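**Q** I'd like to ask you about the structure that follows.
The values are calculated or read from the model by the stated rules, or taken from the named source; none is laboratory data. Note that the coordinates shown come from a computational prediction; the quantities given were computed from them, not determined experimentally. All Cβ positions, even for glycine, are placed from backbone atoms using ideal geometry, and neighbour counts span all protein chains on display. Accessible surface areas use protein heavy atoms only, side chains included; no ligands, DNA or RNA. Shrake-Rupley method; radii C 1.70, N 1.55, O 1.52, S 1.80 Å.
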Amino acid sequence: MSSPCDPQHAPVGDVGAALMMIDSRLKGIHDGRTGADPEQQALVAQFTASLGPRGVDDVLDGACTLIFMFMTWLRKAHEEHDKDVIEYVVPNLVATLRRMPKSVRPQAIPTMAGLVIAAGTGLSPNLWRKQYGDWTEEEMNPLEATAFLLAEHINRITEDPDFASRLITEALSRSDED
């Protein structure tokens, strides 16, 4: 029986824009820029303002698609070692989100954990979230942080600072060819 949260029913969204935002954060952190960069924040604000409401929804869907793709890769990598992706990824993610109180409010953490668990079990994170209502402003930073942390986790596992971004870029290239 098919679930209403089956990824085949989910919008893919603007994966490219979502990846650009996550990749920019990854590069900034690796370049030693850990604080808020006013120039980058202004560019992101200008970019999102130019999108309009539908464009913002597309980037949200794209971020959820990234989370789904990252968790799919992580699930396969963990299964190769007879490990459960939920057991090994979710506690670290939750602990890290808890250490980010300026960006991630405590009440958003269960939602982010639920998104990751949904993706880790093969469900669409955006359809899983949609069943609880519309996204809130308070969930935007946690969503970005979740996608960022999953990408960074993949990069650490592979010992390649660009692996997660390349994983998505190559998948996008393959889908364009099909």
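**Q** Which helices, counted as full DSSP H runs in the chain, have an axial Cα extent of no less than 15 Å and a Kyte-Doolittle average of 1.6 or above?
**A** Span-like helices, by this rule, are 109-120.
**Q** I need two numbers for the stretch 45-130: Rg to one decimal and Dmax as a whole number, Cα atoms only, in Å.
**A** Using the Cα atoms of the stretch 45-130, the pair Rg, Dmax is 14.4, 45 Å.
**Q** Over the stretch 67-112, how many percent of alpha carbon pairs lie in each 10 Å bin up to the one with the longest distance?
**A** Pairs per bin, as whole percents: 26, 44, 26, 4.
**Q** Put a dot 7 Å past each Cα toward the Cβ at GLU80 and GLU39; how far apart are the dots in nm?
**A** Label-label distance for GLU39 and GLU80, simple model: 3.9 nm.
**Q** Moving on to the next point. Using a Gaussian network model on the chain with a 10 Å cutoff between Cα atoms, which of SER124, SER165, SER103 fluctuates the most?
**A** Of SER124, SER165, SER103, the most mobile in the Gaussian network model is SER103.
**Q** Taking Cα pairs under 8 Å and at least six residues apart, what relative contact order does the chain come out at, in percent? Kindly include the intermediate steps, with their values, before the conclusion.
**A** Numbers: 170 pairs, mean separation 52.8, N = 178.
Reported as a whole number, the value is 30 percent.
**Q** While we're here: Return one whole number: the accessible area per residue of the chain in Å², for a 1.4 Å probe.
**A** Values: 10120 Å² over 178 residues.
Per residue, the chain has an accessible area of 57 Å².
**Q** When a/c reaches 1.5 or more, the comparison of a/b and b/c decides; with that in mind, is the stretch 115-159 rounded, prolate or oblate per its Cα gyration tensor?
**A** Working: a/c = 4.82, a/b = 1.56, b/c = 3.10.
Oblate, since a/c reaches 1.5 and b/c is not below a/b.
**Q** If I histogram all Cα-Cα distances within the stretch 133-178 using bins 10 Å wide from 0, what percent of pairs lands in each bin?
**A** 25, 34, 32, 9
**Q** Tell me, what is a quarter of the convex hull surface for the C-alpha atoms of the chain, in nm² with one decimal?
**A** Numbers: hull surface 44.2 nm².
Dividing the Cα hull surface by four gives the mean projection, 11.1 nm².
**Q** Let me ask another. For the chain, give the percent of accessible area contributed by carbon and sulfur heavy atoms, probe 1.4 Å, rounded to a whole number.
**A** For the chain, the apolar C and S fraction of the accessible surface comes to 53 percent.
**Q** So what's the back-of-envelope 222 nm ellipticity for the chain, counting only DSSP H runs of four-plus at -39500 (n - 2.57) apiece and dividing by all residues, rounded to 500?
**A** Details: 7 runs with 124 residues, N = 178.
Rounded to the nearest 500, the figure is -23500 deg cm²/dmol.
**Q** Checking a compactness column here: for the stretch 92-178, what do you get for Rg(Cα) / (2.2 N^0.38 Å), N being the number of residues? Don't skip to the answer; put the middle values down first.
**A** Details: Rg = 14.3 Å, N = 87, 2.2 N^0.38 = 12.0 Å.
Dividing the Cα Rg of the stretch 92-178 by 2.2 N^0.38 Å gives 1.19.
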